[in-house]
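To keep things clear, I will list the structure first and then write my remarks on it.
The values are calculated or read from the model by the stated rules, or taken from the named source; none is laboratory data. Bear in mind that the values here come from a model prediction, so they are computed numbers and not experimental data. Every residue, glycine as well, gets a Cβ built from its backbone with ideal geometry; the counts of neighbours run over all protein chains shown.
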Amino acid sequence: MKSVLRGVDEENSVSGVTWRDQFSQEDQLQRQVTALYTLLANLYGSDKLVMKAGKLDALKLMRSKVLTERVLALQRLVYEDPTLDKVPQETEIPSVLDDIEEEIADLIARKTVEDKIEKKIAERMQTRHEEYVKEIKLQVLKEVSGPDNPYTLKKYAELEKLEQISLSRSALEKLRPASLDQVVGQEAAIRVLLSKLVSPYPQHVIVYGPPGVGKTTVARLVLEEAKRVAYTPFAADAPFVEVDGTTLRWDPREVTNPLLGSVHDPIYQGARRDLAESAIPEPKPGLVTEAHGGILFIDEIGDMDPILMNKLLKVLEDKRVKFDSAYYDPDDPGVPKYIKKLFEEGAPADFILVAATTRDPSEITPALRSRCAEVFFEPLSKQAIEQIVIGAAERLGAQLDPEVPRIISEYSIEGRKAVGMLADAYGLALYEQYKHKPDLTVHIRKEDLLEVIRTSRMTPLTKARGSEQGEIGKIYGLGVSGFVGSIIEIEAVSFPAEKGKGKMRFNETAGSMAKDSVFNAVSVVRLLTGLDVNDYDLHVNIIGGGRIDGPSAGVAITLAIISCLLQRPIRQDIAVTGEVSIQGKVKEVGGIFEKIYGAKQAGVKEVFIPAENKEEIPSLLDGIRVRTVSTVKELMDYVFVTH
């Protein structure tokens with residue numbers, strides 16, 4: 001046997017490879033391939049390796065007893081390529097295995113790195129999970145126990161108890177009109193306001209009028225009416241946001257702005273805690289955003305700060321409010337979506353502005369007036385006040401003496417004040433009745449109301465009353481203050497004096513315009529009567545010392561002087577208004593509607609106005625006559641008493 005092996009060795013010695021070397025090399029390759037399979041099994045796992053071999057069509061090759069086929073299976077597994085189908089030659093196996101070893105080494109290296117990363121990720125996730133669980137536990141504990149302690153809970157209970165007490169569910173709340181048909185004396189204004197707001201295209205509106213005539217109430221009720229109409233843009237939940245313009249001020253630092261909104265910076269203004277810790281500013285939308293889709297009612301808008309007014313006008317045009325802050329970083333990933341949206345797009349502010357004022361239109365900025373329709377609320381007549389009082393008494397369930405509504409109308413032209421007077425008298429009558437017969441219906445007597453008037457030190461609005469009797473040197477002029485007209489008592493007396501040495505006196509408190517009217521009147525008197533006032537001591541007086549801001553008392557002063565000089569009595573049931581020119585013409589004046597109202601309140605039967613104001617005469621006149629005149633001479637034919 002040995003000789004045979006020796007012969008084989010000698011035979012193979014020619015090629016330099018003995019059988020022993022050849023056997024050793026094949027065994028080594030087998031062992032190397034097996035070792036590589038073991039590495040792959042450790043790398044992927046035995047089950048996964050078999051599954052992978054099945055997917056790569058290498059399972060049969062992997063189980064083959066032929067070394068070259070097992071090497072091909074290794075190639076498919078390592079390179080993950082089932083298309084490899086070239087079986088390597090035996091001489092190629094060492095180099096192929098070297099390449100496979102390099103690839104497996106890379107796989108092991110990647111696997112090691114991936115394992116480390118996954119481990120770190122797992123650790124990080126575990127840490128985050130523990131923090132999240134801890135945060136949830138704290139939140140649950142906070143929800144269970146809360147920040148309150150016995151002391152704060154006691155204070156909360158006291159506040160809740162106070163909420164149950166209400167002294168001011170006053171008559172103003174109970175007696176406030178609940179529908180438009182309960183509003184008295186503003187029928188024309190209501191129709192106009194309805195046309196502006198109950199529309200597919202509602203308009204911004206400025207409402208003019210004296211206080212207490214129902215401007216706010218009507219605006220609120222008109223919105224409720226608009227909600228019920230299908231073709232208006234107001235939804236069923238459209239808001240009515242009310243604010244007083246006198247309380248709105250422009251802050252140049254822009255720290256706070258309740259009307260338009262402001263930004264709470266994290267350092268100085270105290271944004272929300274979680275935002276402050278991240279140095280993120282927080283925008284706070286204002287009333288214009290709260291009123292989005294509804295009505296923003298600004299009372300006394302004439303008293304608003306001009307700068308704030310200009311900013312409001314900008315919002316009316318843009319229908320949005322922009323926010324800005326030096327602390328805002330648009331690239332900060334920690335900024336919440338709503339804050340990012342507010343800074344980048346602004347807050348919506350699409351609303352209808354209803355602005356109320358007691359000022360004259362000339363005092364309102366033209367920029368606002370150009371954007372708004374204008375509606376005028378009328379002063380309440382005596383009859384309207386009486387209707388309001390009667391209706392309020394019905395809602396209170398009280399009975400009235402017949403004189404009560406009339407007396408209240410003498411002391412108030414405001415519906416709110418009239419209701420307040422009735423409520424005071426109701427309280428007094430209720431207490432008196434409770435002491436004697438608590439089960440009967442409350443009856444408000446004239447004496448109860450007079451006691452309220454005395455204790456409140458009230459005085460009648462109109463002391464002068466028109467009468468049919470004539471008086472020499474006395475006449476009623478007409479004035480306007482805050483949309484309310486009133487009569488002005490003017491009187492004049494004259495005494496003969498030495499020719500050319502007469503003196504003229506006039507109360508200076510009436511103002512320079514009234515004084516100029518006196519000088520104009522002197523020229524007109526001489527023109528119409530031929531009398532020289534320098535031959536008389538003449539005294540003209542405005543009773544009560546009321547200040548006259550315009551020239552509209554000129555005609556009245558002229559007639560008073562003519563009356564005293566000619567000793568002709570003037571009718572006391574008439575009132576006149578108009579500027580007088582030195583040629584004796586009666587010139588146009590303002591406030592005709594209000595002046596007619598004031599004359600009617602005073603019991604005047606007839607009013608004379610300039611012919612140039614003819615178009616301003618109200619279409620509905622009840623209980624008063626209005627005449628137009630062009631000259632003082634024409635007017636003299638009407639005002640003097642004729643026998």
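Kindly indicate whether any position in segment 386-394 is of a type in the set (Asp, Glu) and more than 28 Å from Ala235 (Cβ to Cβ). Taking every residue of segment 386-394 in turn, at least one turns out to be of a type in the set (Asp, Glu) and more than 28 Å from Ala235 (Cβ to Cβ).
Of all the listed residues (Thr34, Thr68), the sole one being polar (S, T, N, Q) and within 22 Å of Ile108 (Cβ to Cβ) is Thr34.
Taking only segment 580-600 into account, find how many residues are in a strand (DSSP E or B) and surrounded by 22 or more Cβ atoms within 10 Å (Cβ to Cβ).
Final tally of qualifying residues: 2.
Residues in segment 241-265 that are among the hydrophobic types (A, V, I, L, M, F, W, C), closer than 23 Å to Gly302 by Cα and surrounded by 19 or more Cβ atoms within 10 Å (Cβ to Cβ): Val243, Leu248, Leu259, Leu260. Close contacts from segment 480-495, counting a first residue that is touching a residue at least 12 places away in the same chain (Cβ under 8 Å) and a second that is acidic (Asp, Glu) and surrounded by fewer than 22 Cβ atoms within 10 Å (Cβ to Cβ), with Cβ to Cβ under 6 Å and a gap of 6+ residues or different chains, come to Phe495/Asp537. Residues in segment 601-637 that are touching a residue at least 24 places away in the same chain (Cβ under 8 Å), part of a helix (DSSP H, G or I) and loosely packed, with under 15 Cβ neighbours inside 10 Å: 1 in all. Sub-7 Å Cβ pairs linking a first residue in segment 517-531 that is in a helix (DSSP H, G or I) to a second residue that is aromatic (Phe, Trp, Tyr), at least 6 apart or interchain, are Val518/Phe506, ordered by first then second residue.
Of all residues in segment 471-521, those being surrounded by fewer than 22 Cβ atoms within 10 Å (Cβ to Cβ), closer than 30 Å to Pro361 by Cβ and at pLDDT 85 or above number 1. If a residue counts only when it is closer than 17 Å to Pro211 by Cα, which helices (runs of 4 or more DSSP H) contained entirely in segment 303-419 have at least 2 such residues? The qualifying helices (runs of 4 or more DSSP H) are 382-396, 403-411.
Could you tell me whether Ser64 is of a type in the set (S, T, N, Q) and not in a helix (DSSP H, G or I)? Taking the combined requirement at face value, the residue satisfies it. Checking each residue of segment 173-190 against the condition of being in a helix (DSSP H, G or I), in the same structural domain as His292 (by TED's automatic domain parsing), at pLDDT 90 or above and not small (Gly, Ala, Ser) gives no match.
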